[in-house]
Structure formats: structure tokens, C-alpha cells
Ligand code: C2E
Ligand code: CA
Ligand code: CA
């Protein structure tokens, strides 16, 4: 009754199978305590064997001799098993360990208790009785403390050693033995309470340690995981990359792909960060799906991802790259909106492009930089010349500031022609850099550097001033178009820079056209609106440049006072120009006519292209067919020729 209630309590406090993973691990650790220090078991076993053998010898009882033999056999097997079974992490199952221990412990306890009881029943010499009872009860109490980690076993052993003595004492029934039985009877609840307390302490401290270890592991994982996509983050990448590189067998190839989404900033700016994040998650999931099993897929930050995996050949790397492109380009649906994203890829291959993590990353980064400057949506493998390009870029960066002072920069002018009359209506100012050693540098090479370093603000003001000066010499009806970088517009005093240029040159504002691209408008900042509206109020005209390459949002055309739209040259002479692009130009031209805007077709190189864009409804044209960009004196000469031709026409008329 009291005992059975106690047993029930024990089993509820400590169920045999763990309720969850934590409990299971705690249980294993507790079971492990049974197996720690098997030497203490051996000492106990030796004690038991010695005592029972002496008892049998002194009393000369055959029964006791049989008991001593059985006890010895059990003891030897038990100690052997404890040494043989390892309780390490990958050792036998927890249940097997516990069961093995239980069988040994219970049979041994029962044997020892029974031998002690037997000495009483057969009325052995008093010294033998004392020896065996002391041995059995000491063992029972000692083992109870030792095995507190498994209270069922601990108390079971106590019960099996003392139980038979208790019964034997009752059976004899003399007063001292009744007192002995009573002592043993009280011993049990006392030991049960001590054992349970010990057990609880032990379990709680093991649990605490487990929880701390679990928490530490979670924190470690969190620190290495990107919260948006769930991929490995930059810190995790460094760690995993070094690990995988070390594990890679000698002579094996691997490739590092640096993936950068094109125009992701625009998605963020236009649709908000929440949509941007969802897009990133989708892309992350797709990357995970198509890359090989044990590839590293990480988010490096922003819109950049890194994939690292073993490859047999460069061709295999190429194949993976094209799969990555295909997956990223597959339209993404978010809230019913269909989005198309593209990416640029830089690839570095181990070992030729770098044999450690840092060098590989550096090479892939350079390759990516090239992929992006080749026009977006490209893949580039690293090659040595890229390092040279980087050096060249650094040189350009260093020399650009000095170039203005050294008079190495000049403005060229490309005519923009009226497609109906063939007359020059405007010139676009295009900057050129004549470098004393490097020769002529294209703006595509140094304008991005100027933008990155901020030099563009000084440079831009200088260009506008020079262009305005040249235009002031031209006939009244010819305008000058100047390209503006986003940074120039955001710079403090941007309006002032333009006004100063006009004033110093004495050029009326309506003869200046500022060409801006959609990227300028994307952030919809107050600075941009202020810049455009203030100058438009002065009379300055605005043209939307490179139309068709970005979002081509009609919203911007509506919101800002553009007087011209310049259709990008890829619509005129790019690959795949055909009926479709014709139709697009046509639609844009029609819109231009409706909104009283002129449509400029860029990049006209042949008479066929000129005819096609004219038929589609463009009013102005620009391109090598008419003229390349020329120095100011040649621009003036072209205008003079036109005037002479006009004069002649008038004379003959
Ligand atoms: P953009 O504004 O689209 O300028 C037109 C570019 O197309 C010029 O290249 C021009 O030389 C080229 N082009 C003109 N006709 C043809 C043609 O028939 N066929 C081909 N294939 N190309 C043609 P450029 O001068 O190399 O300028 C490149 C870009 O650099 C410009 O593109 C513009 O975005 C930027 N840029 C040039 N000058 C300046 C400047 O003064 N300030 C700023 N911020 N950017 C500039
Ligand atoms: Ca332009
Ligand atoms: Ca353009």
C-alpha cells in the first residue's frame, strides 16, 4: 500500500520512455550514471563474494556454499557486462543498457539478501549472521545512493537485499529480530525519500545542462542564419566554406557562384521591402532546390547569394549557372503580381581561380563585376585579365579628379535630327576623356567610377557649363541635351549648378534639355521632384533617356514634365529587333503624339532603321547614320553647312 503508492509515484516522476527529445537525452544521461565507475561495482562484487564464501566456509553449510557460488557467478557476469557495455553516445540503446543493468542488479541483490536471510534461518554462528546482515544491508543502502539516478533500480535493490532478511527476522520472531525487522521496515521509506531527493537534484541539473547546451546550439545556428530567407548568412558562409574546403579531397574541383539579382533595388523601392523580402525567399527556395545535395547556398547580403558545390568540369559549372539563371528568371508571383527577375553571375573555380576561401570569393566577385558591366543577366567565369581590369579601374579612379584640371576631358556633340526634314534640332553632349597614356576612354568606363566616387558632381557641373557655352554659339532654334546622373540631382545645390552654367554661358533655359533615366525617378525623393519642378518652371526641358530598358513606367511620364522620350537603341539595332519592337516603338510614338512629346529613336545606323522608326511615328533620330559625336568646332561646322544649304534653297526658290 504505502510501498505500491511509492512505486507509482516513482514511475510518474520518472517514466521509462522519455516524453520528448529533451527527456530522452536526460534519461540517457541518467542511465549513464549507472555505468560510470564500474570499478565501484567490482569492489562491491568482490566484497559480496568474499563475505558469502567466508560465511559458507565458517558455517560449513552446503546451502550457503551453493548461495556463494550463485552470487559469484552473477557478480562476475555483472561486472563483466558493465565493463563491456559502453554508455557512450553511439553505444547500445538506452533501454538495452537499463535492462541489462536491472537484471544484474536485481538478481545480485536478491542473491545477497537471500544468503543473509539464510544465515538467520539455518542459525549459523552469530559472527556469520552479523557478517552477512551487515554486508547485505550496507550494500543495499550504499547501492541506493550510488544508483539514485535510476530510483526504480536503487530502491528495487534495497528492497531485494533487505526484504529476505526482514522476512527471516519475522520468521524467527524473537524480540531482537522483531526489532531488526522493524528497523529494516523503517529503513525503506527513509532511503526512498533520500533517494528521490537525490534523484530530483541529479535530474534537474542534467536537464539544466541539456537545456543550456540546446540554447547555445540554437544561438549558434541563429547567428549563422539569415532571418529573411533562412539560408546561411555571411558569417555562416565563411565558416561552412572553410569547412567544406578542408574536407574536399585533393585534386577535386569545386565552383563558387556569386549571384546578384539585377535591379532588385527597384523592386524594393517600388513595391516595398515586404515584397522584396518575399521575392528573396522565393529565389532562396529555388536556389536550394536546383543546387546539388550538399552544396552551400548562402545569402551574402542584400540581393546577393553564394552557391558553392563540387563540380567535375567547368562545363558542369556552366550547366549549373544556366539552371540558376533559368530558375531565377521563372516569373515569381506575389499577391497575384507577376514579377520577372534576372541575375548576374560570377563564377570562380577551385583550384585554378583560388585555393582558399578568400581568394575564391575575390575571384568570383571580380567575375560578377564583369558580368554586370557586360550588361545584366550575364554569367562570367573569372580570368586573370579581370584583376588587371580592376587595377585599371583603380587607376581611373585616382586620375579622374586630376583629369579635369589637366584639360584631358572634352565634350563631344552628337546631332539629333528631325526625321521629317533632316535638319539638326539638337545636340547631345557626350563626354570624352583623352588620356595621355591610355588613349581615348569611353564614358561607360569612367562615368560609373565617377558616380561611385562622387566626382560626378564636379564633373557634371563642368560638363553642363561647357555644353551650355558651346550651345550659346549656335542658332536660336538648336538645343543642347546634357546627361545627368542620379547623384548629381541629389547633390546639394544641384539646381544652382545648372542655373550658374546657363547664366555664365548666357543660354536661355528653354534651350537646355536634361536627359535623365528612370533610375533617377525610382526613389521618388523630394530632392528629385524639387529639382525637376524648379528647373522646369525656369523653362529647362527634360527628356526621359534609355526608355524601354528599365521599368518603362507610364506613371513617370505622367508625373513629370518630359518633353522628349528617347527610345533606347536596343529597340532599334539590338538583337531580336523585329515586328514586336516595331509595335512597341509605334505605341510609344503614338503616346508621344497624344501627350505632345517628341519621340527620339537612338542608335540609328542604317537608312532602313531610319525609315522604320519614322514609319513607326518617331519624330527625331540620333545615331551614326547621321553623325557620330564630334568636337564643338565640327558641330558648329555642321550647323553652318545646314545654314548655307538653307540659304541656297532660298536663293533658288
Ligand atoms: P546615352 O545617353 O544613351 O548616350 C548615347 C550613347 O550611344 C553614346 O555613347 C553614343 O556615342 C552612342 N551612340 C550614338 N549613336 C549610336 C549608334 O548609331 N550606334 C551605337 N552603337 N551607339 C551610338 P557614349 O558617348 O559612349 O556614352 C555612353 C553613355 O555614357 C551615355 O549613354 C550616357 O549614359 C553616359 N554619358 C555620356 N556622356 C555623359 C555625361 O556627360 N554625363 C553623364 N552623366 N553621362 C554621360
Ligand atoms: Ca543620353
Ligand atoms: Ca540613351
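A few points about this structure:
- Across segment 537-549, the qualifying residues are those that are surrounded by 18 or more Cβ atoms within 10 Å (Cβ to Cβ) and more than 11 Å from ligand 3 (Cβ to nearest atom), and the one among them that is nearest to residue 341 (Cα to Cα) is 542.
- Considered as a group, the residues in segment 461-487 that are within 16 Å of ligand 3 (Cβ to nearest atom) and at pLDDT below 95 include one that is farthest from residue 426 (Cα to Cα), and that residue is 486.
- For segment 392-421, residues that are in contact (Cβ under 8 Å) with a residue 60 or more places away in the chain and assigned to a helix (DSSP H, G or I) total 0.
- Options 430, 441, 409; residue that is closer than 19 Å to residue 543 by Cα and either away from ligand 2 (no atom under 16 Å from the Cβ) or buried (at least 16 other Cβ atoms within 10 Å of the Cβ) (or both): 430
- Meets criteria (within 42 Å of the chain's Cα centre (by Cα) and assigned to a loop (DSSP other than H, G, I, E, B)) for residue 389: no
- The set of residues in segment 626-641 that are in contact with a strand residue (DSSP E or B) (Cβ under 6 Å, 6 or more places away or on another chain) and over 11 Å from residue 412 (Cβ atoms) contains only 626.
This table checks each residue for (1) crowded, with 18+ Cβ neighbours inside 10 Å; (2) touching a residue at least 12 places away in the same chain (Cβ under 8 Å); (3) part of a helix (DSSP H, G or I).
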| residue | (1), (2), (3) |
| --- | --- |
| 188 | yes, yes, yes |
| 206 | yes, yes, yes |
| 228 | no, yes, no |
| 236 | yes, yes, yes |
| 242 | no, yes, yes |
| 252 | no, yes, no |
| 267 | yes, yes, yes |
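- Residues located in segment 520-551, provided they are within 16 Å of ligand 2 (Cβ to nearest atom) and modelled with pLDDT under 85: 520, 521, 548, 549, 550
- Residues in segment 610-638 that are near ligand 1 (Cβ under 9 Å from one of its atoms), in contact (Cβ under 8 Å) with a residue 40 or more places away in the chain and either part of a helix (DSSP H, G or I) or farther than 20 Å from residue 473 by Cβ (or both): 622, 623, 626, 628.
- Scanning segment 552-571 for residues that are within 14 Å of ligand 2 (Cβ to nearest atom) and closer than 20 Å to residue 607 by Cα, we see that the one that is surrounded by the most Cβ atoms within 10 Å (Cβ to Cβ) is 567.
- Residues being assigned to a loop (DSSP other than H, G, I, E, B), more than 9 Å from ligand 1 (Cβ to nearest atom) and either touching a helix residue (DSSP H, G or I) at 6+ places or on another chain (Cβ under 8 Å) or within 25 Å of residue 393 (Cα to Cα) (or both) are represented in segment 438-452 by at least one member.
- A single member of 464, 517, 458 is in contact with a strand residue (DSSP E or B) (Cβ under 6 Å, 6 or more places away or on another chain) and either more than 16 Å from ligand 2 (Cβ to nearest atom) or more than 21 Å from residue 407 (Cβ to Cβ) (or both), and it is 517.
- Residues within segment 136-181 that are under 17 Å from residue 47 (Cβ atoms), touching a residue at least 60 places away in the same chain (Cβ under 8 Å) and buried (at least 23 other Cβ atoms within 10 Å of the Cβ), tallied: 3
- In segment 255-265, the residue that is modelled with the lowest pLDDT out of those that are outside any loop (DSSP other than H, G, I, E, B) and surrounded by fewer than 20 Cβ atoms within 10 Å (Cβ to Cβ) is 265.
- Here residue 380 fulfils each of the conditions (1) more than 30 Å from residue 244 (Cα to Cα); (2) at pLDDT 90 or above apart from (1).
- Enumeration of residues in segment 334-357 that are touching a strand residue (DSSP E or B) at 6+ places or on another chain (Cβ under 7 Å) and either at negative phi or part of a strand (DSSP E or B) (or both): 339, 341, 343, 344, 345, 346, 347, 348, 349, 350
The values are calculated or read from the model by the stated rules, or taken from the named source; none is laboratory data. Just so it is clear, the structure is predicted and the values come from calculations on it, not from any experiment. Heads up, the Cβs are rebuilt from the backbone with ideal geometry, glycines too, and the neighbour counts pull from every protein chain shown.
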